[in-house]
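Undergrad: Take a look at the following structure, please.
The values are calculated or read from the model by the stated rules, or taken from the named source; none is laboratory data. None of the values given here were measured: they were computed from a predicted structure. Cβ: placed from backbone, ideal geometry, glycine included. Neighbour counts: every protein chain shown. The protein model used for the area step is the full one, side chains on, heavy atoms only, and it has no ligands, DNA or RNA in it. Shrake-Rupley method; radii C 1.70, N 1.55, O 1.52, S 1.80 Å.
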Amino acid sequence: MVYRRRDKKSGKLRPGWTFMARTQTGWKQMGTHTDNRTLGAKLAGMWETLAKEHRAWDILGRVMAGQLEIGVLYDLWLASRYDVHAVRRQLNDVNLEPLVAEWHAVHARSGLKADSAAHALAHVRVLIQAGALRLASTVTVEWLTERLFAYPGKPNTLRKVHSSWTQFFAYCTDVKALYPANPMAKVTRPSVQASPIRFYELDVVERIIAYQPTAERRALFSLIYGTGIEVSVALALTRSDIWEATKEIRAAGTKAHSRDRVCRVAEWAWDTVWQHSRAVFPGASLWPAAWSRWTVSDWHRETVGYDEESKAGLNLPQRFPLHCARDHWAVRAARAGTPVAVIQAQLGHGSPILTLTKYGRFLPSASDRARWEEEATKYEQARREAR
């Protein structure tokens with residue numbers, strides 16, 4: 001309810017409408033600064049809603065302190081379609097750009113590897129460029145969705161980008177309180193796209209290894225192809241992780257708990273790996289610290305390709321990335337009848353279902369199963385005769 005106050009001296013009605021505004025401690029007369037009674041009533045209604053339903057004292061306190069005009073607040077209230085969170089974002093609007101570096105400093109100390117943290121930062125920087133102005137209030141689910149699916153890359157890359165953006169806006173939401181909820185929660189994450197199985201046969205793998213110019217590089221490529229472990233895991237190995245007696249290695253992957261496993265080195269690769277490893281001091285790294293997964297992948301790409309200028313490379317008709325070394329190992333093992341559980345453990349899969357789904361088609365054929373059934377029958381007959 002709005003009313004007009006009388007001047008104590010003249011007794012005349014003062015211009016503008018007034019209402020009794022609810023406060024944290026009681027009630028206070030609040031001027032609307034308008035001669036329009038209808039508008040004054042709407043201003044009073046807005047105040048009552050913000051005070052009674054939302055307890056938005058941080059917003060109303062600015063009006064009572066003279067820091068915010070009630071008419072400006074009403075304009076924001078209408079523009080936001082009566083969304084108190086949107087009003088709060090407008091009033092507390094900040095530039096997100098400086099927060100990117102602040103978030104990255106925290107994110108990088110959360111146990112991530114340096115290159116993973118760098119990738120996350122690069123993903124966010126595509127969204128919020130260095131030195132650019134990006135107000136928190138301008139970030140919407142629609143804008144984020146549009147930018148995500150305009151990001152160059154395959155669906156699996158977009159999933160990583162989605163994760164990086166989610167982590168950044170979680171920081172803005174939970175630590176900086178810029179949003180009532182993480183806006184990325186409503187942005188659809190691209191589905192997983194199964195990568196095709198691409199691999200070289202062993203004779204081609206041996207050509208790739210033989211092409212390497214140093215014994216160190218030949219040993220590294222033999223290890224990767226002969227175990228199916230990830231490049232980053234291989235580069236992190238020390239002499240203590242190589243077990244001569246069993247021809248095994250301890251691959252301490254970090255992607256999931258199942259990636260920390262013991263792997264058997266293939267017979268064809270063992271001698272090359274061991275000849276290099278035996279000369280390294282116990283506990284020392286097997287490879288130079290300057291080597292990274294990017295440089296090793298570049299070497300592999302240069303090996304399978306061909307450079308017209310330097311006349312270097314094998315010029316293979318099919319040029320697969322080094323990551324396909326996992327497929328080489330898994331397919332070779334599956335063809336030989338290796339139990340699925342063994343393949344699963346070697347690759348670090350979290351479930352045998354994943355292993356079967358990807359490599360089940362390479363398991364022994366019907367004729368192979370018939371041969372092994374004959375062997376099982378012979379064994380059972382011999383066991384019974386022995387009894």
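Undergrad: Quick one: how many residues across segment 340-367 are of a type in the set (D, E, K, R) and exposed (fewer than 13 other Cβ atoms within 10 Å of the Cβ)?
TA: Looking only at that region, the number is 1.
Here's the yes/no breakdown for (1) in contact (Cβ under 8 Å) with a residue 12 or more places away in the chain; (2) part of a helix (DSSP H, G or I):
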| site | (1), (2) |
| --- | --- |
| 62 | yes, yes |
| 68 | yes, no |
| 81 | no, no |
| 105 | no, yes |
| 110 | no, no |
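Undergrad: Report, by residue number, each residue of segment 205-230 that is open to solvent by 20 Å² or more (accessible area, probe 1.4 Å) and either touching a Lys or Arg at 6+ places or on another chain (Cβ under 9 Å) or over 11 Å from residue 277 (Cα atoms) (or both). Walk me through it before giving the result.
TA: Of all residues in segment 205-230, those open to solvent by 20 Å² or more (accessible area, probe 1.4 Å) come to 206-207, 210-211, 213-218, 230.
206, 207, 210, 211, 213, 214, 217, 218, 230, listed by residue number.
Undergrad: Taking the options 106, 100, 84, name whichever one is more than 30 Å from residue 24 (Cβ to Cβ) and open to solvent by less than 40 Å² (accessible area, probe 1.4 Å). Walk me through it before giving the result.
TA: On the way: 106 fails: open to solvent by less than 40 Å² (accessible area, probe 1.4 Å); 84 fails: more than 30 Å from residue 24 (Cβ to Cβ).
The match here is 100.
Undergrad: Ok, one more. Cβ-Cβ below 8 Å, separation at least six or inter-chain, first residue in segment 17-35 and more than 18 Å from residue 6 (Cβ to Cβ), second of a type in the set (Phe, Trp, Tyr) and open to solvent by less than 20 Å² (accessible area, probe 1.4 Å): which pairs?
TA: Filtered contacts from segment 17-35: 21/47; 22/47.
Undergrad: Tell me, which helices (runs of 4 or more DSSP H) wholly within segment 149-256 include 3 or more residues that are under 18 Å from the mean Cα position of the chain (by Cα)?
TA: 155-174
Undergrad: Could you tell me whether any residue of segment 162-174 is at pLDDT below 90 and closer than 30 Å to residue 84 by Cβ?
TA: no
Undergrad: Right, next: Given the conditions (1) under 18 Å from residue 209 (Cβ atoms); (2) in contact with a helix residue (DSSP H, G or I) (Cβ under 7 Å, 6 or more places away or on another chain); (3) not aliphatic (A, V, I, L, M), and given that residue 271 satisfies all but one, which numbered condition is not satisfied?
TA: That leaves (2) as the condition not met.
Undergrad: Follow-up question, since we're still on this one. Test residue 164 against the stated conditions and say whether it is surrounded by 14 or more Cβ atoms within 10 Å (Cβ to Cβ), under 30 Å from residue 320 (Cβ atoms) and of a type in the set (Ser, Thr, Tyr).
TA: Yes.
This table checks each residue for (1) among the aliphatic types (A, V, I, L, M); (2) not in a helix (DSSP H, G or I).
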| position | (1), (2) |
| --- | --- |
| 279 | yes, yes |
| 296 | yes, no |
| 310 | no, yes |
| 315 | no, yes |
| 330 | yes, no |
| 343 | yes, no |
| 346 | no, no |
| 373 | no, no |
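Undergrad: Only residues in segment 286-303 that are within 11 Å of residue 217 (Cβ to Cβ) count as the first member; pair them with residues that are open to solvent by 50 Å² or more (accessible area, probe 1.4 Å), Cβ under 6 angstrom, at least 6 apart or cross-chain, and list the lot.
TA: That search, which allows pairs on different chains as well, returns 303/211.
Undergrad: Moving to a separate point now. Take segment 127-144 and flag every residue that is exposed (fewer than 15 other Cβ atoms within 10 Å of the Cβ) and at negative phi.
TA: Step one: filter segment 127-144 for residues exposed (fewer than 15 other Cβ atoms within 10 Å of the Cβ), giving 129-133, 135, 138, 140-143.
Answer for segment 127-144, where residues must be exposed (fewer than 15 other Cβ atoms within 10 Å of the Cβ) and at negative phi: 129, 130, 132, 133, 135, 138, 140, 141, 142, 143.
Undergrad: Further question on the same structure: Can you pull out every residue in segment 349-371 that is outside any helix (DSSP H, G or I) and touching a His at 6+ places or on another chain (Cβ under 9 Å)?
TA: If the condition is that a residue be outside any helix (DSSP H, G or I) and touching a His at 6+ places or on another chain (Cβ under 9 Å), then 350 is the only one that fits.
Undergrad: Of 20, 30, which residue is in a strand (DSSP E or B) and either open to solvent by less than 80 Å² (accessible area, probe 1.4 Å) or closer than 30 Å to residue 140 by Cβ (or both)?
TA: The match here is 30.
Yes or no, residue by residue, for (1) on the phi < 0 side of the Ramachandran plot; (2) among the small types (Gly, Ala, Ser); (3) more than 48 Å from the chain's Cα centre (by Cα):
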{"residue": "2", "(1), (2), (3)": "yes, no, yes"}
{"residue": "25", "(1), (2), (3)": "yes, no, no"}
{"residue": "34", "(1), (2), (3)": "yes, no, yes"}
{"residue": "41", "(1), (2), (3)": "yes, yes, yes"}
{"residue": "46", "(1), (2), (3)": "yes, no, no"}
{"residue": "60", "(1), (2), (3)": "yes, no, no"}
{"residue": "71", "(1), (2), (3)": "yes, yes, no"}
{"residue": "78", "(1), (2), (3)": "yes, no, no"}
{"residue": "83", "(1), (2), (3)": "yes, no, no"}
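Undergrad: Taking residue 340, is it β-branched (Val, Ile, Thr), touching a Ser or Thr at 6+ places or on another chain (Cβ under 9 Å) and at pLDDT below 95?
TA: yes
Undergrad: Next up: When you look at residue 38, is it over 17 Å from residue 73 (Cα atoms) and open to solvent by 60 Å² or more (accessible area, probe 1.4 Å), yes or no?
TA: no
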